[in-house]
1. Averaging sequence separations of C-alpha pairs under 8 Å and six or more residues apart, then dividing by the length of the chain, give the relative contact order as a whole percent.
2. For the chain, with all protein chains present and a 1.4 Å probe, just round the carbon and sulfur fraction of the accessible area to a whole percent.
3. Report, in whole Å, the centroid distance computed from the Cα atoms of region 80-121 and region 1-68.
4. Rolling a 1.4 Å sphere over the protein heavy atoms, what is the accessible area per residue of the chain, to the nearest Å²?
5. Heavy atoms only, 1.4 Å probe, whole protein assembly: order LEU18, LEU81, LEU48 by accessible area, highest first.
6. Exactly which chymotrypsin sites (Phe, Trp or Tyr not before Pro) in region 67-121 are in a DSSP loop and have at most 14 other Cβ atoms within 10 Å?
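The values are calculated or read from the model by the stated rules, or taken from the named source; none is laboratory data. Being a predicted model, the structure only gives us computed values, none of them experimental. Cβ: placed from backbone, ideal geometry, glycine included. Neighbour counts: every protein chain shown. Accessible surface is based on the protein model in full, side chains and every heavy atom, while ligands, DNA and RNA are left aside. Shrake-Rupley method; radii C 1.70, N 1.55, O 1.52, S 1.80 Å.
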Amino acid sequence: QVQLVESGGGLVQAGGSLRLSCTASGSSIDSINVMAWYRQAPGKERELVARIFDGGSTNYADFVKGRFTISRDNAKNTVYLQMNSLKPEDSAVYYCNIYGKFIFMGNFDSWGQGIQVTVSS
């Protein structure tokens, strides 16, 4: 079992910044391969925001390039999403997603509960 705890959401005015954090915990975790952030706005599909691999490579959705930065702290099993120059259209529920391997058997694909980000005009 893997538990994800997210923090850092809230309300901010357009042009402001927020930093989201997601920490994975579980005694059976052997390694974490991919950490990602998704978001879903009302009436829209869930979409990938950013992703970071165990080697450090990243990819971003076009709508956040140059504004958002994903990073990870492997010692803490934590992924961050630094969000700058926020726009009202960034308002959504943001979900952490982590894919990795258990110590003895199989892989895991875990999701956080989602945190609200609201950007006002």
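1. In percent, rounded to a whole number, it is 36.
2. Result for the chain: 47 percent of the exposed heavy-atom area is carbon or sulfur.
3. If you average the Cα positions of each part, the centres end up 3 Å apart.
4. Dividing the accessible area of the chain by its residue count gives 53 Å².
5. The residues order as LEU48, LEU18, LEU81, largest area first.
6. Passing both the DSSP loop test and the Cβ count: PHE104.
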